[in-house]
1. Residues that are under 29 Å from residue 146 (Cβ atoms): list the strands (runs of 3 or more DSSP E) wholly contained in segment 1-85 that include at least 1 such residues.
2. Is at least one residue of segment 227-248 among the charged types (D, E, K, R), in contact (Cβ under 8 Å) with a residue 12 or more places away in the chain and on the phi > 0 side of the Ramachandran plot?
3. Counting just the residues of segment 55-78 that are over 15 Å from residue 111 (Cβ atoms) and polar (S, T, N, Q), which one comes out farthest from the ligand (Cβ to nearest atom)?
4. Taking segment 213-234 as the search range and keeping residues that are within 16 Å of the ligand (Cβ to nearest atom) and buried (at least 16 other Cβ atoms within 10 Å of the Cβ), which one is nearest to residue 268 (Cα to Cα)?
5. Could you name every one of the strands (runs of 3 or more DSSP E) located completely within segment 185-290 that has at least 3 residues being in contact with a Phe, Trp or Tyr (Cβ under 7 Å, 6 or more places away or on another chain) and β-branched (Val, Ile, Thr)?
6. Taking segment 167-188, which residues are of a type in the set (Phe, Trp, Tyr) and either closer than 15 Å to residue 246 by Cα or within 11 Å of the ligand (Cβ to nearest atom) (or both)?
7. Which residue pairs have Cβ atoms under 8 Å apart, sit 6 or more places apart or on different chains, and have a first residue in segment 70-84 that is over 14 Å from residue 116 (Cα atoms) and a second that is of a type in the set (Gly, Ala, Ser)?
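Every number in this text was worked out from the coordinates using simple rules, so none of it is lab data. What you see is a predicted model, and the numbers here were worked out from it, not measured in a lab. Cβ placement follows ideal geometry from the backbone for every residue including glycine, while neighbour counts extend to all protein chains displayed.
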Amino acid sequence: MIVYLNGEYVPKEHAVVSVFDHGYLYGDGVFEGLRAYSGRVFKLAEHIRRLYESAKTIMLEIPLTPAEMEAVTLETCRRNGISDGYIRIVVSRGKGDLGLDPRKCGRPTVVVIAHKIQLYPAELYEKGLEVVSVATRRSGPEVVNPRVKSLNYLNNILAKIEANHLGYAEVLMLDDRGFVVEGTGDNVFCVRDGGLLTPPTSAGILAGITRQTIIDLAREAGMDVAETLLTRHDVYNSDECFLTGTAAEVIPVVKVDGRTIGDGKPGPVTRRLIEAFRAYANATGTEIYPEAAASVD
Ligand code: PXG
């Protein structure tokens, strides 16, 4: 495996970062998780844009232009022979001293990893997930804004630990007022009377790229999509529920806090959106191997 690290493509054994890196010491940095499908990087420009927006908010100047970052991402895929895979871009504050002060860090550390995808078991998509809400609240925009995809995931990890302790793999996170906001690494949707409901990005969630794709696909299919605040009551009484994220794609939820959603099986709208998402993901994106694609055409 070849990893991009600060301007070089190095074997994974040499892809090492200082213990004084503030990404390691303080979780000071931003990242993106992307997917490649059928030789194309899915929503590359959207992910790169979100990365630079996250970086702007935390006043981290990425030492590459967005166009250079796109090129590096594609090149890292090529060097690893990736057609279908998972890509991680990490930009941390860089090496500093033991103090918090980011001004002590010289150059940000930039890492791109492209790896074969580890698919979730197909059974999960057939049977659906059972999830719980937990006591740990999703921090709001007044703390660490959930719009920033930062290296600080302890809020989400604490929620996941609570769920794991209760015997569940995933969580519906609530905000401080009890509104349902998102999963630990996924956005949430409900189906009600054939339309979709999902919390607005202003509710304190990550503006998920899979979320936006599902909103677009649903609207193209003529469905109503409302971005609106949801309580657990709304979720318990919805016809269907699902989570969206780069890693999980679209995953049905069939039970929430012991309440069965709909008839307890992944519903028709969710199934249709899973199909639509897979078809769209495999047919769009930025070519990793443009010459090969041209010669096939
Ligand atoms: N909310 C949060 C808090 C996330 O971290 C999403 C929503 C979905 O966003 P996208 O753009 O991926 O549709 C995320 C996704 C993983 C993993 O391996 C996922 C994320 C971060 C780290 C790991 O499941 N983020």
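1. Values: elements: 2-5, 8-11, 29-37.
By residue number, 2-5, 29-37.
2. No: zero hits.
3. By that ranking, first place goes to 65.
4. Within segment 213-234, the match that is nearest to residue 268 (Cα to Cα) is 218.
5. Working: elements: 187-192, 195-198, 225-227, 240-245, 249-256.
Once the strands (runs of 3 or more DSSP E) in segment 185-290 are filtered for at least 3 residues that are in contact with a Phe, Trp or Tyr (Cβ under 7 Å, 6 or more places away or on another chain) and β-branched (Val, Ile, Thr), what remains is 249-256.
6. First, pick out the residues of segment 167-188 that are of a type in the set (Phe, Trp, Tyr): 168, 179.
Of everything in segment 167-188, nothing turns out to be of a type in the set (Phe, Trp, Tyr) and either closer than 15 Å to residue 246 by Cα or within 11 Å of the ligand (Cβ to nearest atom) (or both).
7. 70/45; 73/114
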